[in-house]
Structures are given as structure tokens and as C-alpha cells.
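Undergrad: Got a structure here, written out as C-alpha cells. Questions coming.
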Amino acid sequence: MRLRTLLAASTAVVLALPVPSWAQVADTPDATASTSPGQAASAAPQTGDQDIVVTARKRAETLLDVPIAATAISGNTLTERGINSVREAAALTPGLNIASDGAGRAFVSIRGVGVTLVQSVQPGVGLFINGIYQPNTSYLNNPLLDIDRIEVLRGPQGTLYGKNTLGGAINVITRQPSNAVEARGNLSFAGPDDSILASASVSGPIIRDKLQVRIAAGHRQQDGFLRNPLLGTDASPFKTDSLNGTIRFAPVDDIVLTVNGYYDWVKGANTPYARVTGPTDYSRNVQFNALSRVEYRYRGVNARLETPIDAINSKFTLVGSYDARNGISPDSDADFGPLDIARSAGTDKLRTKTVEARLDTEIGSTLSSLFGLFYSRETTGATDTTRIVPANLIRLTNNATQADTYAAFGTLFWKPTTAWKSPSAFATTMRSAAPPATSRSRSARSACPRPSPTRS
């Protein structure tokens with residue numbers, strides 16, 4: 001039996017000016033952005049549910065005002081709990097289940113609704129970063145970097161979030177730059193798989209109230225808990241490096257342009273099928289005659305423009321994004337056993353372009369609307385080479401697809417007044433609105449004879 005040991009040390013450095021983070025603050029660019037529809041609000045849970053601001057309905061609202069089964073997890077909570085990925089955050093969300101058996105695979109479901117995910121299969125639960133759809137869920141395994149909060153919406157969300165949201169949606173909101181000069185850092189180490197996690201970010205203004213920048217970087221690596229005694233090496237190592245940056249530009253009042261870019265390197269292993277030798281043997285061995293390593297590179301850029309249209313009491317939002325993924329598996333064991341029977345190698349790539357336009361209008365004090373248009377183009381290409389070693393036979397497979405998606409959506413929001421929220425308040429309002437009865441009408445009712453019972 002392998003003896004378990006755990007050594008963990010973590011440090012966090014936060015250098016920030018003491019600025020409020022409630023959504024009610026409106027004298028900073030962050031607060032202006034948080035009240036714009038669809039903008040990634042910077043507010044975090046502070047004193048209660050009334051202070052938790054979410055964008056579950058493509059607009060900044062308090063969690064208590066959202067009529068959706070939603071869970072919001074703040075970035076501070078993720079740091080305090082030692083949660084380093086969206087997959088691990090599922091433990092804090094009722095109904096959400098996420099599992100993974102490789103660097104590029106994930107299994108996600110909400111309330112039991114979802115599909116098994118591979119590189120070429122669209123998810124049953126939509127994944128969004130700052131409201132922008134991610135076509136593949138490998139991000140679920142990536143380390144969280146400079147996260148403000150994670151919103152999990154349970155139940156079908158097709159009206160506002162579109163395709164692949166039958167089970168629900170996961171929306172990851174990153175921290176936005178502001179006028180506050182801020183630096184964050186985190187470092188941790190744990191054994192026995194020598195897991196190392198390090199991340200840092202810095203944010204501040206270039207031109208106060210006009211131009212702010214945030215840059216973040218992270219590194220994570222671990223040896224894993226699987227061994228390959230046949231090759232004398234670790235069977236499931238994992239290593240990833242992440243870099244992203246955000247620029248927020250407000251040339252004039254109420255017009256905000258936010259540009260974000262990212263680059264991720266991920267190295268891991270393909271599906272590591274393992275054998276357990278006994279019920280009390282906690283070491284897991286992999287009998288592969290190949291390393292079965294896999295490498296992914298993710299990169300992308302997205303932009304969001306928000307501007308008010310005072311003539312119709314509306315706010316207009318235009319979002320565009322470009323995402324690219326390249327994957328390579330140079331040498332894998334295709335027979336999943338110790339004998340050298342079959343080897344495989346492959347590559348895949350994915351390119352996604354999306355454009356979305358939304359118009360959020362306040363029709364009255366209790367009525368508002370949200371209408372929009374959406375377009376996306378996804379192109380994929382993959383190659384797979386399988387070699388039968390004893391017979392020296394080679395099979396080569398090429399695959400290429402292209403998918404265009406068009407959508408128009410709209411919804412009306414009606415917020416009842418206090419008179420509709422409780423029966424007692426409604427009855428009080430109705431009684432106060434009814435005219436008082438006159439003495440004449442009361443005497444007329446008393447003079448009305450009651451019908452006498454008849455006998456058969």
C-alpha cells in the first residue's frame with residue numbers, strides 16, 4: 001500500500017487601493033460597466049444575496065431579482081477553497097457534475113442532462129467566458145486565472161444563450177480592469193504528485209477614466225497519480241501555462257470598448273486506462289507501451305462595444321470573437337495494452353468566429369425587452385493515422401467540417417410591483433382602491449328578502 005503524504009503551502013499577495021466593490025457604486029468605470037447589459041459586472045458577494053450581481057439574463061442584476069435557478073461563486077471563495085478549475089468548482093454547485101479522463105476531454109451535465117464530450121462533439125451544457133460561447137469544454141480542465149465569479153444556470157437556457165444549453169449554462173466572468181492599481185498572486189505546492197500552481201495578475205489605469213489594462217499569467221503542473229511501470233514513467237502528467245490580457249477603453253461617457261486576448265498551452269496524456277491490482281492497493285498502474293502524450297494550444301481574441309441610445313431608452317451591445325485550437329498527439333497506444341500491436345497519431349484544429357448584437361430597452365418601470373441577432377462559423381479539421389505494427393499496415397483518415405449558425409432571439413421582462421408579490425399586500429391594495437359602500441346600498445341589501453326553502 002502506497003503511503004499518502006500531503007505537503008501544502010499557499011501564499012497570496014494582494015496590493016489594492018481600498019475601493020468598494022458593490023454594484024451600487026457608480027463613480028468608477030467599473031460600476032458603469034457593471035450596470036450595462038451583458039457586461040461582465042465586477043461586483044462580488046459582500047454582505048448578502050442582495051449584493052451578488054450576475055449577468056444570467058445578459059444584463060447586470062442582483063441574484064435575488066433573477067427568476068432562474070442559478071448559483072454564483074465568487075472568485076474569493078474559489079481562492080479560499082483552493083479550487084483551481086471549473087471542474088473542481090462543480091463541488092460547490094448543486095446539480096452540476098463535471099469529470100475528466102484526459103487533457104482534452106470532459107463529461108459535463110446539469111441535473112443529469114448533458115453529453116459525453118470529445119473534441120468533435122458539441123456539449124449539452126453551454127460554456128461561456130464573459131458571455132462569449134466556447135465551442136469546446138477543454139477549458140473546464142484549465143486553471144482558473146483572475147476569475148471574478150462563476151455563474152451556473154440550471155435548466156434550458158436556449159432563449160438567451162442559444163444552442164447546446166439544454167441542460168444549462170456555465171458562465172465564467174473574469175476580473176475587469178479599473179482605476180484601482182491592483183496586484184494579485186498565488187502560489188501552492190502539494191504532494192505526493194508534486195502539484196505546483198502559480199498565478200499573478202496586475203491591473204491599473206493608463207489614462208484614468210479612459211484606458212485601463214489588466215494582465216494575468218498562470219502556471220500549473222503535476223505528475224499525476226498513475227504510473228507506467230512498463231516504461232518507468234508517469235502515465236498522466238499535466239502541465240499548462242496561461243496568459244491573458246484585457247484592455248478597457250472609454251473614449252466618451254457611457255461608451256465602453258473592452259478587448260480581451262488569451263493564449264493557453266496544455267500538455268497532458270490521452271485517456272489513461274488503468275488497472276487496480278487489489279481493493280487495498282491505492283496505486284494505479286498503466287500498461288501502455290507508448291507515452292500517449294497530447295498537446296493543445298488555445299488562443300483567441302474578443303471585443304465588446306457598449307453604447308446607450310437615449311432616444312429609445314436603450315443600450316446597444318456588439319460582441320465579436322475569434323477562437324482557435326490546435327491539438328496534436330504524436331504517439332499513442334491504440335490497443336491499450338502492454339503488447340506493441342497498434343500505434344496511432346493525430347492532429348486536430350478548430351476555428352470559431354462569432355458575432356452577436358443585442359438591444360436592451362426599458363419600456364416602462366416594470367417592463368423591458370431584449371432582442372438580438374447571432375452568427376457563428378465553426379471549421380474543423382482532423383487527421384488520424386493508425387499503424388498495425390505486426391502487419392505494418394497503415395490507415396489514414398482525414399476529416400473536415402464547416403458549420404454556420406444563424407439566430408434571432410428576443411424576450412420581454414416584466415417585473416411585478418409589490419402588490420403582486422404577496423397576497424396580503426395585494427388584498428390591502430385592492431381594499432384601499434375600492435370605493436366605500438354607502439348607507440343606502442347597505443340598507444338596500446338588508447331589505448332584500450331571502451328565498452324561503454320549499455318542500456317537495
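The values are calculated or read from the model by the stated rules, or taken from the named source; none is laboratory data. Because the structure is a prediction, the values reported are computed rather than measured. Don't worry about glycine lacking a Cβ; one is built from the backbone with ideal geometry, like all the others, and counts go over all protein chains shown.
Undergrad: Looking only at region 318-334, filter to residues that are small (Gly, Ala, Ser) and in a strand (DSSP E or B); which one of those is nearest to residue 263 (Cα to Cα)? Don't jump to the end; show me each part of the working.
TA: Looking only at region 318-334, we keep the residues that are small (Gly, Ala, Ser), and these are 320-321, 324, 327, 329, 332, 334.
Subsequent filtering for residues that are in a strand (DSSP E or B) retains 320-321, 324, 327, 329, 332.
Values: 320: 17, 321: 14, 324: 10, 327: 14, 329: 19, 332: 26 Å.
In this case the residue turns out to be 324.
Undergrad: Residue check: is residue 215 under 25 Å from residue 132 (Cα atoms), within 15 Å of the chain's Cα centre (by Cα) and among the hydrophobic types (A, V, I, L, M, F, W, C)? Even if it seems obvious, please write down each step before you answer.
TA: Details: under 25 Å from residue 132 (Cα atoms): yes; within 15 Å of the chain's Cα centre (by Cα): no; among the hydrophobic types (A, V, I, L, M, F, W, C): yes.
Here the answer is no, as residue 215 does not meet what is asked.
Undergrad: Which members of region 69-117 meet the condition of being among the hydrophobic types (A, V, I, L, M, F, W, C), crowded, with 17+ Cβ neighbours inside 10 Å and either without any contact (Cβ under 8 Å) to a residue 24 or more places away in the chain or assigned to a loop (DSSP other than H, G, I, E, B) (or both)?
TA: 83, 90, 103, 107, 117
Undergrad: Residue by residue through region 331-362, note down the ones that are among the aliphatic types (A, V, I, L, M) and more than 30 Å from residue 405 (Cα to Cα).
TA: In the first step, residues of region 331-362 are kept if they are among the aliphatic types (A, V, I, L, M); the result is 334, 339, 341-342, 345, 350, 355, 357, 359.
Listed by number, the residues that qualify are 334, 339, 341, 342, 345.
Undergrad: Quick test for you: out of 409, 426, 374, pick the one residue that is surrounded by 10 or more Cβ atoms within 10 Å (Cβ to Cβ) and at pLDDT below 60.
TA: Details: 409 fails: at pLDDT below 60; 374 fails: at pLDDT below 60.
Only one candidate qualifies: 426.
This table checks each residue for (1) within 15 Å of the chain's Cα centre (by Cα); (2) at pLDDT 75 or above; (3) closer than 12 Å to residue 306 by Cβ.
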site: 45; (1), (2), (3): no, no, no
site: 49; (1), (2), (3): no, no, no
site: 56; (1), (2), (3): yes, yes, no
site: 67; (1), (2), (3): no, yes, no
site: 70; (1), (2), (3): yes, yes, no
site: 73; (1), (2), (3): yes, yes, no
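Undergrad: Only one residue in 333, 340, 348 is exposed (fewer than 15 other Cβ atoms within 10 Å of the Cβ), under 30 Å from residue 392 (Cα atoms) and not hydrophobic (A, V, I, L, M, F, W, C). Which one? Walk me through it before giving the result.
TA: Working: 333 fails: exposed (fewer than 15 other Cβ atoms within 10 Å of the Cβ); 348 fails: exposed (fewer than 15 other Cβ atoms within 10 Å of the Cβ).
One residue alone meets the criteria, 340.
Undergrad: Determine which single condition residue 256 fails, assuming it passes every other condition in (1) of a type in the set (A, V, I, L, M); (2) crowded, with 19+ Cβ neighbours inside 10 Å; (3) free of Cβ contacts under 8 Å to residues at least 60 places away in the same chain; (4) farther than 26 Å from residue 82 by Cβ.
TA: It is condition (3) that residue 256 fails.
Yes or no, residue by residue, for (1) free of Cβ contacts under 8 Å to residues at least 12 places away in the same chain; (2) outside any strand (DSSP E or B); (3) closer than 30 Å to residue 128 by Cα; (4) not polar (S, T, N, Q):
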| site | (1), (2), (3), (4) |
| --- | --- |
| 336 | no, yes, no, yes |
| 347 | no, no, yes, no |
| 351 | no, no, yes, yes |
| 354 | no, no, yes, no |
| 357 | no, no, yes, yes |
| 368 | no, no, yes, no |
| 371 | no, no, yes, yes |
| 375 | no, no, yes, yes |
| 391 | yes, yes, no, yes |
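Undergrad: Follow-up question, since we're still on this one. When residues of region 169-189 are filtered for being in contact (Cβ under 8 Å) with a residue 60 or more places away in the chain and under 21 Å from the mean Cα position of the chain (by Cα), how many remain? Spell out how you get there, then give the answer.
TA: Keep residues of region 169-189 that are in contact (Cβ under 8 Å) with a residue 60 or more places away in the chain, which gives 170-189.
From the residues that got through so far, the ones that are under 21 Å from the mean Cα position of the chain (by Cα) too are 170-177.
Adding up the residues that qualify gives 8.
Undergrad: Taking the criterion of being of a type in the set (S, T, N, Q), surrounded by 17 or more Cβ atoms within 10 Å (Cβ to Cβ), over 30 Å from residue 108 (Cβ atoms) and touching a strand residue (DSSP E or B) at 6+ places or on another chain (Cβ under 7 Å), would at least one residue in region 233-240 satisfy it? It would help to see each step written out before you state the result.
TA: Initially, region 233-240 is screened for residues of a type in the set (S, T, N, Q), giving 233, 236, 240.
Adding the requirement that they be surrounded by 17 or more Cβ atoms within 10 Å (Cβ to Cβ) leaves 236, 240.
Subsequent filtering for residues that are over 30 Å from residue 108 (Cβ atoms) retains none.
No, there is no match, as no residue in region 233-240 is of a type in the set (S, T, N, Q), surrounded by 17 or more Cβ atoms within 10 Å (Cβ to Cβ), over 30 Å from residue 108 (Cβ atoms) and touching a strand residue (DSSP E or B) at 6+ places or on another chain (Cβ under 7 Å).
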